[in-house]
Amino acid sequence: MRWGRTPLLNCGKRRFKVVIMILENVPAALRGELTRWFIEPHTGVFVGHLSARVRDLLWEKCTERHVGGVVQAWSTNTEQHFKMRLAGDTSRQLVDAEGLQLIKIPCEPEKAKRIRKTKEKTGKME
């Protein structure tokens, strides 16, 4: 064994992954509770290094109250090297396109009407 190496660091089958959670319009108590496992670099954004079991338990805790919106992303062994899930009232939608997870930003009804009127005036219809 070489000096400076600790053989116990990589022992076992537990894998810890980087987890990011973004919370929108949730109670301050829930955000405070998440700071036990994560750091909060910005309001509502949580970053941590967790096991899959803890990640899933925190997901259940955040989604059981049905208040606000929750986005969770974590590193994994897929083509994109991460997975995501969304719950509640978020400003985005998760779309699966042939195994790739994409984010869809819904067009606001007022903005869609303005775009349609502008296209009608200019005569550019698609």
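The values are calculated or read from the model by the stated rules, or taken from the named source; none is laboratory data. Bear in mind that the values here come from a model prediction, so they are computed numbers and not experimental data. Don't worry about glycine lacking a Cβ; one is built from the backbone with ideal geometry, like all the others, and counts go over all protein chains shown. For the accessible areas, the whole protein counts, side chains as well, though only heavy atoms, and no ligand, DNA or RNA atoms are used. Shrake-Rupley method; radii C 1.70, N 1.55, O 1.52, S 1.80 Å.
Yes or no: region 47-66 includes at least one residue that is at pLDDT below 95, assigned to a loop (DSSP other than H, G, I, E, B) and farther than 19 Å from ALA87 by Cβ.
no
Within the set of pairs 6 or more residues apart or between chains, which connect a residue that is within 22 Å of VAL45 (Cβ to Cβ) and free of Cβ contacts under 8 Å to residues at least 60 places away in the same chain inside region 90-108 to a residue that is of a type in the set (A, V, I, L, M) and assigned to a loop (DSSP other than H, G, I, E, B) with Cβ atoms less than 7 Å apart?
As it stands, the answer is ARG92/ILE105, since those pairs meet every condition given.
Give the residue that is least open to solvent (accessible area, probe 1.4 Å), with candidates limited to residues of region 67-76 that are at pLDDT 90 or above and over 8 Å from the mean Cα position of the chain (by Cα).
Initially, region 67-76 is screened for residues at pLDDT 90 or above, giving 69-76.
From what is left, the residues that are over 8 Å from the mean Cα position of the chain (by Cα) are 69, 75-76.
Numbers: GLY69: 1, SER75: 40, THR76: 39 Å².
So the residue we want is GLY69.
Please pick out the residue among THR118, THR90 that is open to solvent by less than 100 Å² (accessible area, probe 1.4 Å), at pLDDT below 95 and touching a Lys or Arg at 6+ places or on another chain (Cβ under 9 Å).
From the options THR118, THR90, the qualifying one is THR118.
Given (1) more than 15 Å from the chain's Cα centre (by Cα); (2) modelled with pLDDT of 90 or more; (3) closer than 27 Å to GLU98 by Cα, where does GLY32 come up short, assuming only one miss?
The single condition GLY32 does not satisfy is (3).
So which residues in region 104-115 are open to solvent by 80 Å² or more (accessible area, probe 1.4 Å) and at pLDDT 80 or above, if there are any at all?
LYS104, ILE105
Out of (1) at negative phi; (2) open to solvent by 80 Å² or more (accessible area, probe 1.4 Å), what's the single condition that is false for ASP56?
Condition (2) is where ASP56 drops out.
Can you name every residue in region 33-43 that is over 15 Å from TRP59 (Cα atoms) and open to solvent by less than 100 Å² (accessible area, probe 1.4 Å)?
If the condition is that a residue be over 15 Å from TRP59 (Cα atoms) and open to solvent by less than 100 Å² (accessible area, probe 1.4 Å), then GLU40, PRO41, THR43 are the ones that fit.
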